[in-house]
Each structure stands twice: as structure tokens, then as C-alpha cells.
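Coordinate-derived values only; no laboratory data. Quick caveat, the model's predicted, so the values are computed rather than measured. So basically every Cβ, Gly included, is an ideal-geometry build from the backbone, and we count neighbours across all protein chains shown.
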Amino acid sequence: MQEEIISIKNEAIAQITAASEISELENIRIAYLGRNGKLTTLIKRIKEVPQNQRVQFGSTLNDAKKTVESLISSQKNSLQNSVREWFDPTIPGIKPKIGHIHLITATIDKISEVFGRIGFERMRYPEVEWDFFAFEALNMPVAHPARDEWETFFVDVPENAKYGKIVLTPHTSNGQVREMLRVKDPPIRMVNIAKCYRRQSDISHSQMFHQFEGLVVDKNISVVNLKGTLDYFAQSFFGKDRKTRLRPYHFQFTEPSFEIDISCGVCKGKGCKVCKAGWLELGGAGMVHPNVLKAGGIDPKKYSGFAFGWGVERVLMMRSGLNVPDLRVLYSPDLRFLTQF
Ligand code: DAH
């Protein structure tokens, strides 16, 4: 008899847990616990049980009934809850917020596209770099005073006999000699866009920033080609009516060297509050120094070239007229700033 009770109970449990409708549960309840239910009617057979086992029989039967009852009610609850979770697919959804490309990345894409149109290949040279490519090959031997301008971070690892110390590259000019060694035979037309690092941090400088470096090497390359490229960039990137001008300057890796200015977009070169004298400073450029060509394995008697290196953040600010009180906000994850663009 005991076994019979347990097997009826198990049968009921199996049916309850398999039930998927509340009405089904009601039928199960009637089938087991109703007036003529399988468990209810068992009590009538107590006469068949020997005297000394009747107490045990009664309590097993009661336990079985309780178990079945409570399982039915908990199953009912969970079915009702899942009914509540049912959703109406015709209700309009909540549109998820979608981000957008960061200002700096968008500017880098634009620069690559503008130079890509005139055949410059986009390169990306190391940001953790040998002293050799960052300085020495650029005509700045160890201990040369010109290096001071680059406020360099040095990595604390043993020096290499040929390439020297490891630095976080302070400019993208490190890509010049690397590109010459990669291509070997000119023509070379590359734009190296990468992160740079300097020991500087204030409202107009951040320790990490971006530069883009142009390099062209071929036969008969002259300042005329440099000027043409600069004008093309200025007009494509900033607007049709913009002009560039070259001012004499000095860099170790170019001869002659220039600072490049662009005519002010507000006053068109006449002079206003934004630019003061009609021109805004873009960055450095020049004709590649023969020693740099030699370091790249290129014969300076056969080939010549020009190079330029400018700040991505700088051209971004100049193009958009963005006037942030602290440049470092560009790298902060502050959505109040970033979602404006
Ligand atoms: N590397 C220079 C800097 O970080 C910029 C520069 C000047 C790059 C003249 C050039 C160049 O390629 O020809 O200030």
C-alpha cells in the first residue's frame, strides 16, 4: 500500500510539472484530490492495512496529498507569472541609443581620405619606438640639443647597441626612415597617422595626442610639389577659398624647413580677432635632409623629397571652430561633451 501511495504521488508530480495551462492543473487536482480522486479514495482501503501499519499509512497518505496540493499551487503561480511576462509585440519599441565615431577618429578618416585621393598610402608606424627612428636617423645624434624640444618619455629597458633606447614616439616623423627602408625604391607617398607622446600636460597640451606625417620621395621633387600638396590639402580639408604660405624655420630633418600657415577662414587673410594677422599656424614641413634620405638607404643625388608633420587635434579644432577650454576633454569619456557632435 505504501508503495502504491508513492507511485500515485510520483505520477501526479510528473503531470503537474508537465502542465502548461492553469486549466490542466485544475483537472489534475480533481483527478488526485477531488472527491473521487486517486489519493482521496485510497483512504477507503485503510481496512486492508494491518492494524499496526495504519498510523504510518495515514501519515504517508497525508504527506502525499500535501505535496501534490502545494506543487499544484506553486505551478499555478509560476504559470500566472509567465502570463504576466507575455508582451504585446504591437507596442512601439524603445529605440536603443547608438553612439558615433569619435571626433578624432572621424578627423583621421577625413585626413586619410583627402591624401588617399592624391595617391598617399596610409601607414601606421610604431608608437613605442627606437631612439634611432625617432631621432638619430632624423639627423639628431644622441645628445643633440634639438632633441630637447620633443620632451620625450623613455622606456626603462636596456639599450640596443644599434638602435639605442626605447621611447614613446614624440612625433610621427619616426615613420619617415621606416617607410624608406620598407619601400626601398622610390616613389614614396605615405601618410603616417599615429599617437604621439610628450611630457606635457596643461589646458592646451595632452601627454598623448595625434599627428599625421606626409612623406614624398621621388626624382625631381621640389618645394613646388610641397606647396601644391599643401594647397590641395588646405582646400579639400578646410574649404575652397583657403590658401597656405611658407615661413622659413628650422628642423634638423629638413633643409630648407618651413612653418606652414593657412589663411584665416573668418577674415580671409585680412586680419581679425580670431587670427590677429590674417594667418593661422598649421605646423612644420620641409625638403627631406640628405642625411635622412641616406639613413633610409636612398641616394640623395638621385632622389629628393618633402615632408610635413601636423597635429590631428590642431586641424580638427581649426576646421570645426571648436573652442574647448581644455584640450584634454577630447580624451575624456564624458558623454555630455561627446554626444554634442
Ligand atoms: N616632427 C615635427 C614636430 O613634431 C613636425 C615636422 C616638421 C614634421 C617638419 C616634418 C617636417 O615632417 O618636415 O614638431
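Things worth noting here:
- Straight-distance crosslink candidates among lysines, where the alpha carbon sits under 25 Å from K268 and sequence neighbours closer than 8 are dropped: K110, K227, K240, K243, K276
- In sequence order, calculated HN-Hα J values of segment 249-257 (Karplus, 6.51, -1.76, 1.60; Hz; x Gly/Pro): 8, 9, 10, 5, 9, 9, 8, x, 10
- Electrostatic dipole magnitude of segment 88-158 [Cβ: Lys, Arg +1; Asp, Glu -1; Cα centre; debye, to 20]: 580
- Most tightly packed first, judged by the mean number of other beta-carbon atoms within 10 Å of their residues, the peptides 324-334, 53-63 read 53-63, 324-334.
- For a label point 7 Å along the Cα-to-beta-carbon line of E127, residues of segment 83-115 with backbone N under 19 Å: 101-112
- Among A146, A307, A18: highest mean-square fluctuation, GNM of the chain, C-alpha pairs under 10 Å: A18
- If you wrap the chain in the convex hull of its Cα atoms and look at it from every side, the mean projected area works out to 33.5 nm².
- D231-I94 FRET efficiency (beta carbon distance; Förster radius 51 Å; 0.05 resolution): 0.55
- Alpha-carbon centroid distance for the pair segment 178-242 / segment 307-341, whole angstrom: 19
- One chain, two ends: Q340 and D299. Fully extended at 0.36 nm per residue, the span grows by 9.7 nm beyond their Cα-Cα distance.
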